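**Q** Quick one: the structure is below, and I'll ask about it shortly.
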Amino acid sequence: MKLRIRFVILLSGLLVFMPPVAQGEVVSLKECLVTAMENNPSLAEGRLNIEAADQGIISAQGKHFPRLTLDANLTERQDPWPYIPAQSPTIGAHFSDSYALWSLNATISLYQGGQITTGVELAKVRERIQENVLTLTRNDLIANTVNTYNKFLQTGKLMEASQASLRALEEQRKNAQLLFDVGRIAKVDLLKVEVQVANEKHRFMFLDESGKTLSATLRFLMGQQPEALPTELTPADSLALPDIEADFKSGLNAARMNRADYLIVRAGVHEAELNGKIAWGKMLPTVGAFGGYVDQYGFNPDYQQGSWVAGVNVSVPLYERSLHADYQREKLQKSRAEQRLLSVDNQLRLDIQTAISSLEESRNRVATAEKSISQADESFRIEQDKYKSGAGSMSDLLLSQAAAMTAAANYTQALFDYNTAVVAYRRATGTLEEYLK
């Protein structure tokens, strides 16, 4: 469905000086989106967060492995010290004022109430949360890029219509000047045209500056520095009326599977559950094994002795008030997360229903605005003929032209609103990635 402004065609042969719409680097919406996905620093930050979360998984898994330490010590004392204690009544201690030792020790956790295994699972959940945060950032970037691009297209159409209006007004001003010079019209009629020309020029300049701002915004979303690239962008596509099937039930199912904010909150419930398991595990016994080898040296008198050690340690927490409080806190956190999930689920329903209503309303406005263009163009044509024949007034001619311009602007606005509603529906259902296909 294309924008139809008949009075532009009728007056296209009028050659009146007007600065052309600036042409720059021509880009399609798909090109803008691909560049944004590759270069936007927000996405790079999100990918780094995922890498950091992946290292968190490796760290949590590392607690399953033994811990090895190498220790060394060199001591100098004023008085001799029994650096090797007596081993029996017949084997006395060894004294020295200078002694050293080195030891290799290993410890391994055998059981910690499931804290280690749960910690690995918790790290994986947090990585998934970071992945969904990245998806949320991607979706925001896609939605902002599509809406900005469509606004750019709308502004371009309005600038074209404004140029056509200016050409028509300039021609009317020339005709009015000629009629005034021969005394056919009053000065006030000429002033009306001149005021309308000034207003339309002001409108065109406003739209031109808006286009430059939108071009800079697109470069920003694409991860570029607007001031470093003076060439303005020019959109290659055109505003269309995309056909989309909007159904509440299928949309809700898609949202529950794809919407990143919903998946983040749902993962938050699992995270709270795992935190509760870890808090409970801290109140359970822990079992660990240890072993090591130590070499000790005395220098005055000279002596050396090596020995090894191995064993198992068991720790049973009998009572610690803070551990019980922590466990109760995590249970409350899980309940809070579940309520949050319910709230987000209700928000999904509201967003989808609102988006569907907006789609229907904007689609109807497009149809209505398209019809009004034909009516406004026909009214303008009639007023032109009446004015040329002397039966019409300058005021009626200008009013009909303004009505034609308003009808064209309303149609373009309705088309933009419909495309914005499509973006809102895709955001509500978590299907914004469709724009990348």
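The values are calculated or read from the model by the stated rules, or taken from the named source; none is laboratory data. Values in this document were obtained by computation on a predicted structure and should not be read as measured data. Ideal geometry is used to build each Cβ from the backbone, glycine not excepted, and the neighbour counts take in all protein chains shown.
**Q** Taking the criterion of being surrounded by 14 or more Cβ atoms within 10 Å (Cβ to Cβ) and over 45 Å from the mean Cα position of the chain (by Cα), would at least one residue in the range 62-74 satisfy it?
**A** no
**Q** Quick one: how many residues across the range 226-238 are modelled with pLDDT under 85 and assigned to a loop (DSSP other than H, G, I, E, B)?
**A** The qualifying residues number 4.
**Q** Sticking with this one: When the range 83-104 is examined, which residues are found to be in contact with a Phe, Trp or Tyr (Cβ under 8 Å, 6 or more places away or on another chain), within 11 Å of Q296 (Cβ to Cβ) and not small (G, A, S)?
**A** Y83, I84, H94, Y99, L101
**Q** Please name all residue pairs, on different chains or six or more residues apart, with Cβ atoms under 8 Å, provided the first residue is in the range 38-61 and is free of Cβ contacts under 8 Å to residues at least 12 places away in the same chain and the second residue is loosely packed, with under 15 Cβ neighbours inside 10 Å.
**A** none
**Q** Another one. Can you go through L141, L134 and tell me which one is at pLDDT 95 or above, out of contact with any Gly (no Cβ under 8 Å at 6 or more places or on another chain) and under 30 Å from G56 (Cβ atoms)?
**A** None of the other options fit; the residue is L141.
**Q** I'd like the residue in the range 240-266 that is surrounded by fewer than 17 Cβ atoms within 10 Å (Cβ to Cβ) and small (G, A, S) and, out of all such residues, is farthest from V133 (Cα to Cα).
**A** A240
**Q** Determine if the range 55-66 includes at least one residue that is in a strand (DSSP E or B) and either touching a Leu at 6+ places or on another chain (Cβ under 9 Å) or modelled with pLDDT of 90 or more (or both).
**A** No, there is no match, as no residue in the range 55-66 is in a strand (DSSP E or B) and either touching a Leu at 6+ places or on another chain (Cβ under 9 Å) or modelled with pLDDT of 90 or more (or both).
**Q** Of the residues V316, V269, which single one is farther than 30 Å from I84 by Cα and surrounded by 11 or more Cβ atoms within 10 Å (Cβ to Cβ)?
**A** On inspection, the qualifying residue turns out to be V269.
**Q** Sticking with this one: Identify, from the list A186, A168, A143, A198, the residue that is among the hydrophobic types (A, V, I, L, M, F, W, C) and surrounded by 19 or more Cβ atoms within 10 Å (Cβ to Cβ).
**A** That would be A168, the only listed residue that is among the hydrophobic types (A, V, I, L, M, F, W, C) and surrounded by 19 or more Cβ atoms within 10 Å (Cβ to Cβ).
**Q** Now, a different point. Quick test for you: out of A176, A198, pick the one residue that is more than 23 Å from T420 (Cβ to Cβ), assigned to a helix (DSSP H, G or I) and at pLDDT below 80.
**A** On inspection, the qualifying residue turns out to be A176.
**Q** Give me a count of the residues in the range 240-277 that are under 18 Å from E127 (Cα atoms) and assigned to a helix (DSSP H, G or I).
**A** 18
**Q** Let me ask you something else. Quick check on my filter: what residues within the range 23-34 are more than 12 Å from Y149 (Cβ to Cβ) and either within 14 Å of the chain's Cα centre (by Cα) or part of a helix (DSSP H, G or I) (or both)?
**A** Selection gives V34 alone.
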